[in-house]
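S.K.: First, the structure itself, so that you have it in front of you.
The values are calculated or read from the model by the stated rules, or taken from the named source; none is laboratory data. All figures in this text were calculated on a predicted structure; none of them were measured in a lab. Here Cβ is always computed from backbone atoms with ideal geometry, including for glycine, and neighbour counts include all displayed protein chains.
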Amino acid sequence: MENFKDIRPYEDSEIRPVLDELITDPEFLESVASFYFPKLRRLFPGLIRLFASRKLKSQVKGVTDVRSMQDVIATYMDKMILDTTTNLTHSGMERLQEGRSYLFICNHRDITMDPAFVNYMLYRGGFDTLQIAIGDNLLKKPFVTDLMRLNKSFIVARSAKGRELLQSLKTLSAYIHHCVDSGQNVWIAQREGRAKNGIDRTDPALLKMLGMAKRQLKLSGSLNALHIVPVSISYEYDACDVLKAQELCEIEKRGSFTKTDESDITSIVTGMIGFKGDVHVAFGEELNLDTDNPNEIAALVDEQIIDNYALSGTNYLALEHLTKDGLLPLHRVSDLVAKKDISTPARLRFEKRLESVDVELRKNWLFSYANPVLNKLGIVE
């Protein structure tokens, strides 16, 4: 493990010391206070930080190792699920073999909630929890790095360049193989960055990276050793839908979108506390590859992710609006929407949410919900 010390999650012996430092970190306590008590923090900053520190100490007092840390995180997930979802379901988990570890390649809609929901399903299903790949672009502050590594996250060096990047990719590939070989499940997104337009596509470069650790094998052999299972996560409502539409609109108008230091933090918090409605986690079938073409392998992953994506009323209602507005003049789509039975409460909830979206953003907002249907129809490029 010495080769992976800079990227791996914290181990059992490190959990308690890191926690003890974290719950006295002024910047971390300030963030916790701002998150839970924004108004009171402004009025009584010192008192609220003290309260946050005492509450955190109480919550993690029994944490001594990775497993007990996961138990605490599960209680947070229970509350988040109760507060922000209407229904959480899963499918395909019966295909997972007891005693086998997997690399789960997942579509990517939310920075932290995608792996959190997959992890929660496995945890409640009695399987080992995940090691989670997270980009170093999100680790702007030391306490954020500590939080992620406490939660079994390992670091992907996206900011590296040149030879440093090549070496970091080799190390990352070796670490993922090490995890699966040693009986640990791993989660990784199918591409760098979230699918902001609702189009889920696997980056062939990801598959090439995964094969780097075992170059003595063909790509198919190296990837088969990872027991890859595609996972599709579906949200009735994307908590960050407006933020994504803003970014896409900015790119259309100016050709680029400039992130600030607060952009990712805002997306993380919004994704956690925002309303999601029905959420479904679909585990696909383990890949058994007989091709070494990364583009063909990516297409196989995409096929399962798209087929297993659980469409909801929001997807069809978005199509309905786009066709009415003349933005999607497709007769077969209109027929599809007409045949879909959508309840009145679901329709009213969608219309109310759409009304809250700035007019300038509505086209991108609607397409982000419509594209999963178009994906299934094979219309989206």
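S.K.: Considering only residues of the range 231-267 that are part of a helix (DSSP H, G or I) and among the hydrophobic types (A, V, I, L, M, F, W, C), which is nearest to CYS179 (Cα to Cα)?
M.R.: Restricting attention to the range 231-267, the residues satisfying the condition of being part of a helix (DSSP H, G or I) are 241-254, 263-267.
In the following step, the residues that additionally are among the hydrophobic types (A, V, I, L, M, F, W, C) were identified as 242-243, 245, 248-249, 251, 265.
Numbers: VAL242: 36, LEU243: 34, ALA245: 36, LEU248: 36, CYS249: 40, ILE251: 38, ILE265: 28 Å.
Selected residue: ILE265.
S.K.: Could you please give the count of residues in the range 256-275 that are over 14 Å from THR86 (Cα atoms) and surrounded by 15 or more Cβ atoms within 10 Å (Cβ to Cβ)?
M.R.: So the answer is 9.
S.K.: List the number of the failed condition for ASP341; all other conditions in (1) modelled with pLDDT under 85; (2) touching a Leu at 6+ places or on another chain (Cβ under 7 Å); (3) outside the structural domain of ASN197 (by TED's automatic domain parsing) hold.
M.R.: Result: ASP341 passes all but (2).
S.K.: For the range 288-329: of the residues being among the charged types (D, E, K, R) and assigned to a loop (DSSP other than H, G, I, E, B), which is surrounded by the most Cβ atoms within 10 Å (Cβ to Cβ)? Spell out the reasoning first.
M.R.: Of the residues in the range 288-329, the ones among the charged types (D, E, K, R) are 290, 292, 296, 302-303, 307, 320, 324-325.
Retained after the next criterion (residues that are assigned to a loop (DSSP other than H, G, I, E, B)): 290, 292, 325.
On the way: ASP290: 9, ASP292: 15, ASP325: 12.
This residue is ASP292.
S.K.: Has the range 207-216 got any residue that is in contact with a helix residue (DSSP H, G or I) (Cβ under 6 Å, 6 or more places away or on another chain), in contact (Cβ under 8 Å) with a residue 12 or more places away in the chain and closer than 21 Å to ASP307 by Cα?
M.R.: yes
S.K.: Using the structure shown, decide if GLY198 is crowded, with 22+ Cβ neighbours inside 10 Å and on the phi > 0 side of the Ramachandran plot.
M.R.: yes
S.K.: Just to check your reading of the model, which residue among ASP238, ASP278 is in contact (Cβ under 8 Å) with a residue 24 or more places away in the chain and closer than 24 Å to ASP203 by Cα?
M.R.: Among ASP238, ASP278, only ASP238 is in contact (Cβ under 8 Å) with a residue 24 or more places away in the chain and closer than 24 Å to ASP203 by Cα.
S.K.: Please enumerate the residues belonging to the range 340-354 that are β-branched (Val, Ile, Thr) and surrounded by fewer than 10 Cβ atoms within 10 Å (Cβ to Cβ).
M.R.: Selection gives THR344 alone.
S.K.: Give the residues of the range 119-146 that are within 21 Å of ILE81 (Cβ to Cβ), assigned to a loop (DSSP other than H, G, I, E, B) and touching a helix residue (DSSP H, G or I) at 6+ places or on another chain (Cβ under 6 Å), sorted by residue number.
M.R.: The answer is GLY125, THR129.
Listed here are the residues, each with its yes/no results for (1) surrounded by 20 or more Cβ atoms within 10 Å (Cβ to Cβ); (2) under 19 Å from the mean Cα position of the chain (by Cα).
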residue: ILE155; (1), (2): yes, yes
residue: SER159; (1), (2): no, no
residue: ARG163; (1), (2): no, no
residue: SER173; (1), (2): yes, no
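S.K.: Taking LYS5 and the conditions (1) under 23 Å from ASP136 (Cβ atoms); (2) over 18 Å from the mean Cα position of the chain (by Cα); (3) surrounded by 13 or more Cβ atoms within 10 Å (Cβ to Cβ), which numbered condition does it fall short on, given that it satisfies the others?
M.R.: Result: LYS5 passes all but (3).
S.K.: If you take just the helices (runs of 4 or more DSSP H) that sit entirely in the range 147-230, which of them hold at least 3 residues that are closer than 30 Å to ARG67 by Cβ and modelled with pLDDT of 95 or more?
M.R.: Once the helices (runs of 4 or more DSSP H) in the range 147-230 are filtered for at least 3 residues that are closer than 30 Å to ARG67 by Cβ and modelled with pLDDT of 95 or more, what remains is 162-181, 204-211.
S.K.: Testing VAL63 on (1) in contact (Cβ under 8 Å) with a residue 12 or more places away in the chain; (2) part of a helix (DSSP H, G or I), one condition comes back false. Which one is that?
M.R.: (2)
S.K.: So for the range 276-287 (the condition being over 16 Å from the mean Cα position of the chain (by Cα), modelled with pLDDT of 95 or more, assigned to a helix (DSSP H, G or I) and buried (at least 19 other Cβ atoms within 10 Å of the Cβ)), does at least one residue qualify?
M.R.: So far as the range 276-287 goes, no, none of its residues is over 16 Å from the mean Cα position of the chain (by Cα), modelled with pLDDT of 95 or more, assigned to a helix (DSSP H, G or I) and buried (at least 19 other Cβ atoms within 10 Å of the Cβ).
S.K.: ILE134 versus (1) surrounded by fewer than 17 Cβ atoms within 10 Å (Cβ to Cβ); (2) within 17 Å of the chain's Cα centre (by Cα): which is the lone unmet condition?
M.R.: (1)
Listed here are the residues, each with its yes/no results for (1) under 22 Å from ALA133 (Cα atoms); (2) at pLDDT below 95; (3) outside any strand (DSSP E or B); (4) not aromatic (Phe, Trp, Tyr).
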{"position": "TYR76", "(1), (2), (3), (4)": "yes, yes, yes, no"}
{"position": "THR86", "(1), (2), (3), (4)": "no, no, no, yes"}
{"position": "GLU94", "(1), (2), (3), (4)": "no, no, yes, yes"}
{"position": "ASP114", "(1), (2), (3), (4)": "yes, no, yes, yes"}
